[in-house]
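To start, the structure itself, in structure tokens.
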Amino acid sequence: MHRIKKLLLENLVWSKGKTQNNPSYFTNMAEGQKPDYLWIGCSDSRVDPSELTNTQPGEMFVHRNVANLVVHTDLNLLSVVQYAVEALKVDHIIVCGHYNCGGVKAAMGSASLGVIDHWIRNIKDTYSFHRFEVDGIKSESDKVNRLVELNVMAQVKNLASTSIIQKAWNERQGFPALHGWVYDINTGLCKSIITIQSSNDLDSSHRYTF
């Protein structure tokens, strides 16, 4: 309980600090949100999207899950994407993975880990598709990190394949732009590895007409 009380005290200090600098800070915040970005990231506690992008509350809509997956049957994620795109009108969606990701590591192994097996199966499919390339890398850590990058690329393409995104592209001339990043915990830097703004970048079987 001591640790929980500490969090509440820290919240109090934070709240007072905000109102000391700007008395109307929370009043203005309560009027609504108009973020420019949707962040789809990993749940890893070291990868805080607002912290590493130096953004403020209200600037970024956030969804996080293990290994930053975009799964077409995940109604939670799809609801977030639809609200961000259709109600909030975000201009950019960032799918951000991170090197040395535990979920990616687990997907490369054969041990059964319980319920999460069903979730990381999506990464196993990506690993299987790119196995020749990944297994050809000598260093185990480099193998994991390459699969991290390939996983981010796959998730951005999964996102681009949704009717939500393609409908928005049709109506908003290529927005939101989809970006795939990888965060390096060792350096604190993000690396951009893919950007998609058109269904032309997808196989024709994944394109919708409106």
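Applying the criteria of a DSSP loop state and at most 10 other Cβ atoms within 10 Å to the GluC sites (Glu not before Pro) of region 1-59 yields GLU31.
Only helices enter the 222 nm calculation for the chain: every DSSP H run of n ≥ 4 contributes -39,500 (n - 2.57), and dividing by all residues gives -13500 deg cm²/dmol, rounded to 500. Rank MET60, MET29, MET108 by mean-square fluctuation in a GNM of the chain with C-alpha springs under 10 angstrom and give only the top-ranked residue. Highest fluctuation of the listed residues: MET29.
Comparing ASN68, ASN22, ASN76 in a Gaussian network model of the chain, where Cα atoms under 10 Å apart are tied by springs, the biggest mean-square fluctuation is seen for ASN22. Ordering ILE93, HIS2, MET108 by the projection of their Cα atoms onto the charge dipole of the chain, which places +1 on the Cβ of Lys and Arg and -1 on the Cβ of Asp and Glu, puts HIS2 at the extreme positive end. Ordering VAL71, ASN186, ILE137 by Cα displacement along the dipole of the chain toward the positive end leaves ASN186 in first place; charges were set at the Cβ atoms of Lys, Arg (+1) and Asp, Glu (-1).
Compared with the dominant principal axis of the Cα atoms in the chain, helix 116-129 is inclined by about 50°.
Using the Cα centre of region 98-210 as the reference point, and only Cβ charges (+1 on K/R, -1 on D/E), how large is the resulting charge dipole? Debye, rounded to the nearest 20.
Roughly 120 debye, rounded to the nearest 20.
Computed from label points 7 Å out along Cα-Cβ, the spacing between VAL115 and ARG207 is 4.0 nm. Ordering ASN200, TRP14, ILE164 by the projection of their Cα atoms onto the charge dipole of the chain, which places +1 on the Cβ of Lys and Arg and -1 on the Cβ of Asp and Glu, puts TRP14 at the extreme positive end. Karplus-derived 3J(HN,Hα) values for region 58-74, using 6.51 cos²θ - 1.76 cosθ + 1.60 with θ = phi - 60°, are x, 8, 9, 8, 10, 10, 9, 8, 5, 6, 6, 8, 10, 10, 5, 9, 8 Hz; glycine and proline are entered as x. Direction-averaged projected area, Cα convex hull, region 1-129: 10.8 nm², rounded to one decimal. Exceeding 31 Å between C-alpha atoms, which entries from my cross-link table qualify? They are LYS105/LYS191; LYS5/LYS89; LYS34/LYS167. The pairs that break the limit, which is 31 Å between Cα atoms, are LYS5/LYS89. Under the simplified labelling scheme, the SER24-ASP125 pair shows an inter-label distance of 5.0 nm, with each label point 7 Å from Cα along Cα→Cβ. What percentages, rounded to whole numbers, describe P(r) for region 1-63 computed over all alpha carbon pairs with 10 Å bin width beginning at zero? Spelled out per bin, shortest first, that is 18, 37, 40, 6. Scalar couplings 3J(HN,Hα) for region 159-176, obtained by applying the Karplus form with A = 6.51, B = -1.76, C = 1.60 to θ = phi - 60°, are 5, 5, 7, 7, 5, 4, 5, 5, 5, 5, 4, 5, 8, 10, 6, x, 10, x Hz; x denotes Gly and Pro.
3J(HN,Hα) along region 76-88, derived from phi through the Karplus expression 6.51 cos²θ - 1.76 cosθ + 1.60 where θ = phi - 60°, amounts to 4, 4, 4, 5, 5, 4, 4, 5, 4, 7, 8, 9, 7 Hz, with x in place of Gly and Pro.
Coordinate range of the alpha-carbon atoms in region 59-210 per principal axis, descending: 45, 33, 28 Å.
When only the Cβ of Lys, Arg, Asp and Glu is charged (+1, +1, -1, -1), the dipole of region 34-154 relative to its Cα centre reaches about 240 debye.
Report for the chain the percent antiparallel among DSSP-assigned beta bridges with both residues inside it, nearest 5. Of all bridge pairs located within the chain, approximately 30 percent are antiparallel.
Shape class of region 35-80 from the Cα gyration tensor (axes a ≥ b ≥ c, square roots of the eigenvalues): oblate, since a/c reaches 1.5 or more and a/b does not exceed b/c.
Rule-based calculations on the coordinates, nothing more; no lab input. For clarity, every value in this text was computed on a predicted model and none was experimentally measured. Cβ coordinates were reconstructed from backbone atoms using ideal geometry, including for glycine residues, and neighbour counts include every protein chain displayed.
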